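Here's the structure, in structure tokens; my notes come after.
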Amino acid sequence: MHDHPHDHAHGHDHGHDHDNEMDEMTARARALETILVEKGLVDPAAVDAIIETYEHQVGPRNGASVVARAWTDPDFADWLRRDATAAISSMGFTGRQGEHMVAVFNTPDQHNMVVCTLCSCYPWPVLGLPPTWYKAPAYRSRAVREPRAVLAEFGVTLPEGTRIHVWDSTAEVRYLVIPERPAGSDGMDAEALAALVTRDSMIGCGQPARPGVAA
Amino acid sequence: MNGPQDLGGRHGFGAVVPEPETDRFHAAWEKRVLGLTLACGPLAHWNIDSSRHARESLPPAIYYNASYYEIWLRALTNLLERAGEIGADELAAGHALRPGLRPDRCLTAADAPGVLARGGPADRPGPAPAFAVGDRVRTRNHQPAGHTRLPGYARGRVGVVTAVHGAHVFPDHHAHSPEEDPKPLYTVQFDAGELYGADADPTLTVSIEAWEPYLDRSPA
């Protein structure tokens, strides 16, 4: 906390460090953008378009539709196993941070989890931007060493004998977990099934919702 | 580099805090930092490997105290300064004091969606792979001061090649040079006991992607 007298206007009480830090970050981001725009290096409308893409268009519902199709279309599931980049691209999900895709399928004997211990690599075209925890030291340090303890923090308990395979995304290969289709979902169509698929289940940190239980 | 980013297997970072998938950003400035970082890519002063290296080169005390978007903002600022596009005087003033170097490369709003949808594949024509699926390999004790993507927890460990991805841009070289220097890339799988010793989870297997210069053949 700074202790010099404040004579500038405050919109709210600066009661704790967190607010001060947020204000400083807002100021720093704004200053950098101002400089870049004044220099003609950045078009603020392009920044808006990038935000719009990842805030409203590209997100985990893309991946959920891939998973639901894998559950309902065995030929598509085979294609995902052989060439996930092409199979996912055929559904229109392409681009940055999804150039080289691999789909890993959970089975009763093996659970898959995805991490990037070195930064924040994540399959953007199918899952959107990574959640905060995925980029934070707790997940990055522990997922490769004590995944069962991490899963417990997501409320997931696997049977003792289930093997866990953790995929550390150290190159430009990106992983999508295909969770097991939930019991009781027979007869549901792909759209209804996609609603059961959670983002965390496609990272390997959750399970799909059960039919009749809200995701 | 043995920097703050190399987190795999480290102790003491506490509990994971899950969040709803509808949470996309936690402050308006995070959106601008995402957009600025991606919008500055087409200026072509750096590449994905040098930008990762800029983030991991932040002092550890700063890296561990920053949110990820703060790490991005700090690294973006450093990259722009290094490229000569902005100066400390301009950051202090909060305004441009000189013209930009590459305004001709400015990303337009019209082009932005296409650039994002195209992405930037990392596979390249390159040398034939020395290893095949099923080969036993040992990772090298590879500790360059510069950028590398071989995590510390997987150095000097014996694993098995489970996939051959063809040649990909080699980050150890490309982070410090415009040359892409493609090398064969593999997925290598390790038993947790090989990585962490006697206390390891016996049901755990960990895979990394490893470029050929990270690997030696290991006797069966």
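Values quoted throughout were computed directly from the atomic coordinates according to the rules given, and no laboratory measurement underlies them. Note that this is a predicted model, so its numbers are computed, not measured. With ideal geometry, Cβ positions are generated from the backbone for all residues, glycine too; neighbour counts draw on all protein chains shown.
Absence of a disulfide-compatible partner, taken as no other cysteine beta carbon within less than 4.7 angstrom, is noted in chain A for A:119, A:205. Once the Cβ-Cβ distance of residue A:186 and residue A:81 is raised to the sixth power relative to R0 = 35 Å, the FRET efficiency obtained is 0.95.
Taking only the Cα atoms of the range B:136-217, the radius of gyration and Dmax are 13.2, 43 Å. Of the GluC sites (Glu not before Pro) found in the range A:126-215, those that fall in a DSSP loop while having at most 10 other beta-carbon atoms within 10 Å are A:160. Placing dummy labels 7 Å off each Cα toward the beta-carbon, the span from residue B:117 to residue B:140 is 4.2 nm. Taking amide hydrogens as placed 1.01 Å from N in the peptide plane, the amide H of residue A:113 sits under 5 Å from those of A:165, A:166, A:167, each at least 5 positions away in sequence or on another chain.
Highest mean packing first, where packing is the average number of other Cβ atoms within 10 Å per residue, the peptides A:76-83, B:154-161, A:140-147 line up as A:140-147, B:154-161, A:76-83.
From the Cα gyration tensor of the range A:55-147, with a ≥ b ≥ c the square roots of its eigenvalues, which class applies: rounded if a/c is under 1.5, or else prolate if a/b is larger than b/c, or else oblate? In terms of gyration-tensor shape, oblate. In the range A:97-185, taking the dipole from charged Cβ atoms about the Cα centre, the farthest positive-side position among A:118, A:183, A:162 is held by A:118. Considering only B:76, B:34, B:116, the mean-square fluctuation computed in a Gaussian network model of chain B, springs between alpha carbons under 10 angstrom, is largest for B:116.
Note on chain A: with charges restricted to the Cβ of Lys and Arg (+1) and Asp and Glu (-1), its dipole about the Cα centre is near 900 debye. The orientation-averaged projection of the convex hull spanning the C-alpha atoms of the range B:50-202 amounts to 13.3 square nanometres. Taking a straight Cα-Cα cut-off under 29 Å and skipping sequence neighbours fewer than 8 places away in the same chain, the lysines within cross-link reach of residue A:39 are B:31. Any idea which of B:92, B:67, B:108 is furthest toward the positive side of the dipole for the range B:28-118, if Lys and Arg beta-carbons carry +1 and Asp and Glu beta-carbons -1? Value computed over the given set: B:108. 3J(HN,Hα) along the range B:145-150, derived from phi through the Karplus expression 6.51 cos²θ - 1.76 cosθ + 1.60 where θ = phi - 60°, amounts to 6, x, 6, 8, 10, 8 Hz, with x in place of Gly and Pro.
What is the list of residues in the range B:161-177 whose amide nitrogen lies under 18 Å from a point 7 angstrom out from the Cα of residue B:128, following Cα to Cβ? Residues B:164-168 fall inside that zone.
Helical runs (DSSP H, four residues minimum) scored at -39500 (n - 2.57) apiece and divided by the length of the protein assembly as shown put the mean residue ellipticity at 222 nm at -9500 deg cm²/dmol. So how far, in whole Å, is the C-alpha centre of the range B:55-122 from the one of the range A:156-190? Taking the Cα centre of the range A:156-190 as reference, the centre of the range B:55-122 is 36 Å away. According to the square roots a ≥ b ≥ c of the eigenvalues of the Cα gyration tensor, what is the shape class of the range B:28-118, taking rounded for a/c under 1.5, prolate for a/b larger than b/c otherwise, and oblate for the remainder? Cα axes put the range B:28-118 in the oblate bin.
Over the Cα atoms of the protein assembly as shown, each weighted equally, I'd like the Debye log10 I(q)/I(0) at q = 0.09 Å⁻¹, rounded to two decimals. For the requested q values the scattering log ratios are -0.59.
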